[in-house]
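Remarks on the structure that follows.
Values quoted throughout were computed directly from the atomic coordinates according to the rules given, and no laboratory measurement underlies them. What you see is a predicted model, and the numbers here were worked out from it, not measured in a lab. Note that each Cβ is placed from the backbone with ideal geometry, even for glycine, and that neighbours are counted across all protein chains shown.
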Amino acid sequence: MSTIPPTAPTGQDAPLLSVRDLAVRFDTPGGTVAAVDGVSFDLTAGRALGVVGESGSGKTVLSRVVMNLLSVSNALPIEGEVLFRGENLLEMRRKNLRKLWGDDLAMVFQDPMTSLNPTMKIGPQITEALYLHRKISKKGARDRALQLLEEVGIPEPTRRLKQFPHELSGGMRQRVTIAIALACDPVLLIADEPTTALDVTVQAQILDLLDTERTERQMGLILISHDLGVVEGRTNDVNVMYAGRVVESAPTASVFAQPRHPYTEALISSMPTITNPSHTRLSAIPGAPPPPLRRPKGCKYSPRCEYAQQRCVDEDPGLMPPTNEETNRGTACFFPPGTDRGHEALARNKAAGRTATGLDLTPAEVS
Ligand SMILES: Nc1ncnc2c1ncn2[C@@H]1O[C@H](COP(=O)(O)OP(=O)(O)OP(=O)(O)O)[C@@H](O)[C@H]1O
Ligand SMILES: [Mg+2]
């Protein structure tokens, strides 16, 4: 996958999904909210893309609009394109979209209880998708449901088919939603915070399961999380979102080796590690994302950024390669961390004790 290709590739290398300048705005009493503000990316079959950002950064709106599943009355006409195998999903007729949903396109949501029907047994919930999209006998559907439950690691699948969602643990319920999503062999799966409601061990199991399914089926996967740790080691590329924008886009390994956006750098340094467990967080990001109706004119991250210069207040940076050598990645920053420009900006701010946006950088007094 090339994260910011100059032109859309064609033929065999054509991406499974190509999102171009996508913008979603909502009409609200206080004004227009730009929930997704000019997002572009490509995803090739068999690859995994992580989408990471704090609450409100636009991850869920992005995932729903990519599926053309956003049905909100106050949404203004969507701008941009979502090309799935070259066809714009945003212009596709409802009838044709319905054929794709649950078949080639599947989704796993954060809370399995809201996507499972509480009044319906597990078995029929899985076979429903099969009957809808496949010509399949009753026995064929049951066998497939059993096979799927086994595949997602549910013990005693025959018994589980006859149970209701509330009879299963949270982890098991999420496995069932994954089984449903995989029922018709999707070519693209979007998982929006699929493990947030689960404990750490179960979380790792579910993420490993998604990883295995992606590799075995050569499925494209978009893994959404507020936690960079979730996408580390499990995605090929990552888009870091802030205030509706992608602020850093790069191969995941490169992002961890050297983040090129101050926001990504701050997210990484606030990640719990063995020597810095979460309860002794050393570096939380100061401040909070700006409310959507009060985003600054220049760089949206500038009020929280240790690198911020006057240029960041005046100008809004778009995604650009951080250095001449790094043409496979993009950062929306004039002073990327780890570059000469970045080092100089940070040194200037530290010497002054404050940034151009007035963020105080004087070291906290130790009492
Ligand atoms: N129907 C709506 N009307 C107005 N604003 C909305 C609407 N839906 C979402 N938003 C706003 O769009 C922004 C993006 O929301 P979204 O749910 O995509 O964030 P998120 O990154 O998924 O957050 P979280 O991590 O909490 O799930 C938020 O500021 C949210 O308040
Ligand atoms: Mg969300």
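If amide H atoms are built 1.01 Å from N in the plane of the peptide, which residues on other chains or at least 5 residues away come under 5 Å of the amide H of Cys184?
The answer is none.
Neighbouring Cβ atoms within 10 Å as the yardstick, rank Ile178, Ile285 fewest first. It would help to have the intermediate numbers written out before the result.
Numbers: Ile178 25, Ile285 18.
Least to most surrounded, the residues fall as Ile285, Ile178.
Please compute the contact order of the chain in relative form: average sequence separation of alpha-carbon pairs under 8 Å and at least six residues apart, divided by the residue count, as a percent. Working shown, then result.
Details: 692 pairs, mean separation 65.7, N = 367.
Averaging sequence separation for qualifying contacts and normalising by length gives 18 percent for the chain.
Report, for the chain, the % of DSSP beta bridges that are antiparallel, rounded to 5. Walk me through the numbers on the way to the answer.
Values: 28 of 47 bridges.
In the chain, approximately 60 percent of DSSP beta bridges are antiparallel ones.
If you place +1 on the Cβ of every Lys and Arg, -1 on the Cβ of every Asp and Glu, and leave all else neutral, what size is the dipole of the chain about its Cα centre, to the nearest 20 Debye?
Working: 40 positive and 42 negative charges, 241 e Å.
Dipole size: approximately 1160 debye.
Cross-link candidates for Lys59: which aspartates and glutamates have Cα within less than 13 Å, leaving aside residues fewer than 8 places away along the same chain?
Lys59 reaches Asp37, Asp192, Glu193, Asp227.
Between Thr114, Thr235, Thr127, where does the largest GNM mean-square fluctuation fall for the chain, given springs only between Cα atoms within less than 10 Å?
Ranking Thr114, Thr235, Thr127 by mean-square fluctuation puts Thr114 first.
Could you list Glu248, Glu87, Glu265, Glu306 so that the one with the fewest beta carbons within 10 Å of its beta carbon is first and the one with the most is last? All intermediate terms of the calculation are to be shown ahead of the outcome.
Working: Glu248 29, Glu87 13, Glu265 24, Glu306 19.
Listing Glu248, Glu87, Glu265, Glu306 from fewest to most nearby Cβ atoms yields Glu87, Glu306, Glu265, Glu248.
With θ set to phi - 60° and the Karplus curve 6.51 cos²θ - 1.76 cosθ + 1.60, what are the ³J(HN,Hα) couplings of the stretch 77-84 in order, to the nearest whole Hz, using x for Gly and Pro?
Per-residue couplings from phi come out as x, 6, 9, x, 9, 10, 8, 9 Hz.
Among Val65, Val51, Val246, which one moves the most in a GNM of the chain with springs linking Cα atoms closer than 10 Å?
Looking only at Val65, Val51, Val246, the biggest GNM fluctuation is shown by Val65.
Express in nm, to one decimal, how much length is gained between Arg311 and Leu76 on full extension, taking 0.36 nm for each residue of separation and deducting their alpha carbon distance. Numbers along the way, then the final one.
Numbers: separation 235, 0.36 × 235 = 84.60 nm, distance 3.14 nm.
So the extension gain works out to 81.5 nm.
Give the cross-link partners of Lys350 among the aspartates and glutamates, using a straight C-alpha distance below 15 Å as the criterion and excluding same-chain residues fewer than 8 apart.
Answer for Lys350, where 15 Å is the Cα cut-off: Glu306, Asp360, listed by chain and number.
Which Cys residues of the chain have no other Cys beta carbon under 4.7 Å away?
Cys184, Cys305, Cys333
Under a 5 Å amide H to amide H cut-off, with H placed in plane at 1.01 Å, what residues pair with Val36 once short-range neighbours are removed?
Placed amide hydrogens put Val24 under 5 Å from Val36.
Would you be so kind as to identify which of Ile122, Met219, Pro292 lies farthest towards the positive end of the dipole of the chain, taking Lys and Arg as +1 and Asp and Glu as -1 on Cβ and the Cα centre as origin?
So the residue furthest toward the plus end is Ile122.
Given a Förster radius of 51 Å and the C-beta distance between Ala45 and Leu361 as r, what FRET efficiency does 1/(1 + (r/R0)^6) yield to the nearest 0.05? Each step should come with its number before you reach the end.
Numbers: r = 46 Å, r/R0 = 0.89.
According to the calculation, E is roughly 0.65.
Using the Kirkwood formula on the Cα atoms of the stretch 118-203, what hydrodynamic radius do you get, in angstrom to one decimal?
Values: mean 1/r = 0.0753 Å⁻¹.
Evaluated over the stretch 118-203, this radius sits at 13.3 Å.
Give the span of the stretch 293-367's Cα atoms along each principal axis, as three whole-Å numbers ordered largest to smallest.
Projected onto its principal axes, the Cα set of the stretch 293-367 covers 46, 32, 19 Å.
Any idea what the relative contact order of the stretch 293-367 is, in percent, if you count C-alpha pairs under 8 Å spaced at least 6 apart?
Details: 104 pairs, mean separation 22.8, N = 75.
Rounded, it is 30 percent for the stretch 293-367.
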